[in-house]
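Notes follow the structure.
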Amino acid sequence: MKLPSTKAALLALVVAAAAPLGCLRPSELQVSRFVDDADEEALRPRFVGIRVIPAEEGPPTPGERLEARLGAFAAAVEDYIERYEPALPPIDFDRSGLSAALSRTIERLEDEAMVSIHVRDLASNETIFDYYGDTPLNPASNLKLVTASAAIDLLGSDYTFATEIRASDDALVLIGAGDPSLTADALDPLIAEIADEVRVSGLEKIIVDDSVFSQRRFGPGYRRDGPGYTYEAISGALSLNFNSVVVTVYPVSGSSRPAVRVEPPSTHVVIENNARIGGSTSRIAVETRAQGDKTVVSVSGRMPARSRPVSIRRRVYDPSRFAAGAVAQRLADLTGTEPLPIEIGEAPADAEVLIVHHSPPLIEIADDLLAYSNNFMAEQLVRTLGYRMTGEPGDWENGLEVLRGYWSALGNDPDALIVENASGLSEVGRVTTSGLVDLIAMADRLQGEGPSLIDALPVAGVEGTMKARLRLSGKRVRAKTGTLDGVSGLSGVITAEDGTPQVAFSILINVKKEGSPLVAKRRREAEDKIVMTVLRYLDEYESRRGFYSFEPLWVYATEREDEEAAEEPEEGGEAPAIEAPTIDAEAGAGDSEGSEGGEEAAGEAAGGGAEGESASLGAIDGRAAEVAGAAAPEPAADAPEPAKTQP
């Protein structure tokens, strides 16, 4: 063994040798400085011939694993930014004219609200317009952009959730992995296959292994009381139909009580029917509550004998038992046996895999999440991030830590993001518009390497919350809406005719005082006007330089047309409201107009209707109906003013 030639090397040798020999842990070693060369020479012979074996390190802690993964992501982002070169010079249009036009819109808002706007040219990454872009405001559902982007970048756009069905000697075993998209329709053919292949009469129980998530179910800021609104659906590793049921109440000839049907049927759900036949209009109320290990659906009120059926969606209170109960009920129906009892626990080691159900790719899940602003899906994603990035059961504590770390890894100010949950259903959440545009800009740069956040942004005039928005944009706007009581937001991109993103923008409006006349409809109109103004100036510039063959958009889009578009019915064809008082969508009852949240009621849920609950799923079909019906957002108190205020 070659002797160290320097004091520093010898010290390293002492440390390396002492730890494996069991003398001291490296953290406990204290080595004094050598006084002189004689001390060094005296030590040398003691370590001659010793084979130095590195100390064995234990597995990394969840915190260390998260730090390492986010560190690697941050390094990759930093490397990309260093290599990135703007593809084109900044857009050179009439910026003073644009600024003046936007300022006129802002002036009509700022007495009543705090406003933050940031607009950026994506090709050059140069700011086109900024108004308090670094002031954190409540983003409402615009926060879902952070959640979706983190999931896509950290898990991968092609990531899928695998739900396993196994069998042991006496039990059917269901293993959840946090799939936010699993529906009864997707599960039904799997259960039918089990009924054909497994001797169900020999089974004694269904075991649910939901250990990849913690046992916490309610997202931070979610209320446990109330009638069971689905915008506050609870979260679980094994979840079905967005942890909600559709309760349909309908009259039956000759009966004094209406009938009640719950979809999907589950042994976990118990019906309590106190409704009566009578009266001239339907006054049906549906609530759900936890009672032991069951969810009780309580129906009350009156319904005329010739009334149309009334359907209302409500949340359940135990995701694992609800999903397993649906499996138990369906198996019993198919095999003519009694439903199997449910147990929660770890999967037996000897259980053999029967079926593995894979969800759609994450990019498709993110598309549904953003299009219909589904709160449940957002919370499922953040808990999955917590689980996958730390190795610990997914929870909001580790999941939100991942969100904050992701935000910082993108180079954003950590203080510019305050998160209570993953959906934005919060009075305390804060984010900056410049930070949201940073997020969108990075997604645009990375788009060539695979699907990104840009691909998941809803297209104006097409579906979800954007279906009734910005219809005059020619589908050249992709954006995420957000509405709470007194809070509105719109963030996304303006594209060229070929769909290439040109400009990223973010607009947040927070009303200063409760009872302000600046209701949701007026806030949305202001947001749309800001985006259309940017689009018109952009097109005017492109037209002047000969890029477009048509006249600029602002020549033929008149104010009257804008007003007519804003007055069109939201999410066309939705059934009339059936509950009283009206409960508006991702907004609430605090604003003076009944239309507060109307866009979010039909958009934030598309099946939610003007009440923010699923009055009927007849106006939409298939997967969109399922995602949308469960996405009805929240009535919430006015958000408190941010820490930073504007003059």
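Picking from 295, 288, 248, 267, which residue would you name as being over 26 Å from residue 375 (Cβ atoms) and either touching a residue at least 40 places away in the same chain (Cβ under 8 Å) or of a type outside the set (A, V, I, L, M) (or both)? Let's see the steps before the verdict.
Details: 295 fails: over 26 Å from residue 375 (Cβ atoms); 288 fails: over 26 Å from residue 375 (Cβ atoms); 248 fails: over 26 Å from residue 375 (Cβ atoms).
267 is the lone residue from the list that is over 26 Å from residue 375 (Cβ atoms) and either touching a residue at least 40 places away in the same chain (Cβ under 8 Å) or of a type outside the set (A, V, I, L, M) (or both).
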Only unsatisfied item for residue 197, checking (1) farther than 18 Å from residue 322 by Cβ; (2) surrounded by fewer than 19 Cβ atoms within 10 Å (Cβ to Cβ); (3) at pLDDT 95 or above, is (3)
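Would you be able to say whether some residue in segment 157-168 is under 30 Å from residue 486 (Cβ atoms), basic (Lys, Arg) and in contact (Cβ under 8 Å) with a residue 40 or more places away in the chain?
To start, the set of residues in segment 157-168 that are under 30 Å from residue 486 (Cβ atoms) comprises none.
Scanning segment 157-168, I find no residue that is under 30 Å from residue 486 (Cβ atoms), basic (Lys, Arg) and in contact (Cβ under 8 Å) with a residue 40 or more places away in the chain, so the answer is no.
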Give segment 143-161 a look and list any residue that's buried (at least 24 other Cβ atoms within 10 Å of the Cβ), in contact with a Lys or Arg (Cβ under 7 Å, 6 or more places away or on another chain) and not charged (D, E, K, R), or say none. 145
Could you list all residues from segment 391-428 that are touching a residue at least 40 places away in the same chain (Cβ under 8 Å), in a helix (DSSP H, G or I) and in contact with a strand residue (DSSP E or B) (Cβ under 8 Å, 6 or more places away or on another chain)? 403, 407, 416
Answer with yes or no whether residue 504 is small (Gly, Ala, Ser), buried (at least 24 other Cβ atoms within 10 Å of the Cβ) and outside any strand (DSSP E or B). no
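If we keep just the residues of segment 424-442 that are small (Gly, Ala, Ser) and more than 11 Å from residue 504 (Cα to Cα), which is surrounded by the most Cβ atoms within 10 Å (Cβ to Cβ)? Break it down stepwise before answering.
Residues of segment 424-442 small (Gly, Ala, Ser): 424, 426, 429, 434-435, 441.
Keeping just the survivors that are more than 11 Å from residue 504 (Cα to Cα) gives 424, 426, 429, 435.
Numbers: 424: 32, 426: 25, 429: 26, 435: 23.
Ranking the qualifying residues of segment 424-442, first place goes to 424.
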Qualifying residues in segment 162-181 (those that are buried (at least 22 other Cβ atoms within 10 Å of the Cβ) and outside any strand (DSSP E or B)) - the one nearest to the chain's Cα centre (by Cα): 180
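Select from segment 216-266 the residues that are open to solvent by less than 40 Å² (accessible area, probe 1.4 Å) and polar (S, T, N, Q) and write down the one among them that is nearest to residue 333 (Cα to Cα). Write out each step before concluding.
Applying the first criterion (open to solvent by less than 40 Å² (accessible area, probe 1.4 Å)) to segment 216-266 yields 218-220, 222, 227-249, 251, 258-260, 262, 264, 266.
Among the residues that remain, those that are also polar (S, T, N, Q) are: 230, 235, 239, 241, 243-244, 248, 266.
Working: 230: 28, 235: 27, 239: 21, 241: 19, 243: 22, 244: 21, 248: 21, 266: 11 Å.
Looking at residues that are open to solvent by less than 40 Å² (accessible area, probe 1.4 Å) and polar (S, T, N, Q), I get 266.
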Residue hits (segment 474-495; surrounded by 24 or more Cβ atoms within 10 Å (Cβ to Cβ) and of a type in the set (S, T, N, Q)) are 481, 483, 488, 491
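For the structure I just gave you, tell me whether residue 143 is outside any loop (DSSP other than H, G, I, E, B), among the hydrophobic types (A, V, I, L, M, F, W, C) and modelled with pLDDT of 95 or more.
Working: outside any loop (DSSP other than H, G, I, E, B): yes; among the hydrophobic types (A, V, I, L, M, F, W, C): yes; modelled with pLDDT of 95 or more: yes.
In short, yes.
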Selected residue (criterion: farthest from residue 465 (Cα to Cα)) from residues of segment 128-142 that are open to solvent by 10 Å² or more (accessible area, probe 1.4 Å) and touching a Gly at 6+ places or on another chain (Cβ under 9 Å): 134
Here are some residues: 449, 392, 463. Which one is under 17 Å from residue 491 (Cα atoms) and surrounded by fewer than 24 Cβ atoms within 10 Å (Cβ to Cβ)? 463
Name every residue in segment 110-127 that is touching a Leu at 6+ places or on another chain (Cβ under 7 Å) and open to solvent by 10 Å² or more (accessible area, probe 1.4 Å), in order of residue number. 112, 123, 124
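Quick one: which of 370, 354, 334, 340 is in a strand (DSSP E or B) and either among the charged types (D, E, K, R) or closer than 23 Å to residue 179 by Cβ (or both)? Step through it out loud before you land on a result.
Details: 370 fails: in a strand (DSSP E or B); 334 fails: in a strand (DSSP E or B); 340 fails: in a strand (DSSP E or B).
Checking each option against the conditions leaves just 354.
The values are calculated or read from the model by the stated rules, or taken from the named source; none is laboratory data. Predicted model, so just to flag it, every value in this text is computed and none were measured. Methodologically, a virtual Cβ is constructed for each residue, glycine included, from the backbone with ideal geometry; neighbour enumeration extends over all protein chains shown. Accessible surface areas use protein heavy atoms only, side chains included; no ligands, DNA or RNA. Shrake-Rupley method; radii C 1.70, N 1.55, O 1.52, S 1.80 Å.
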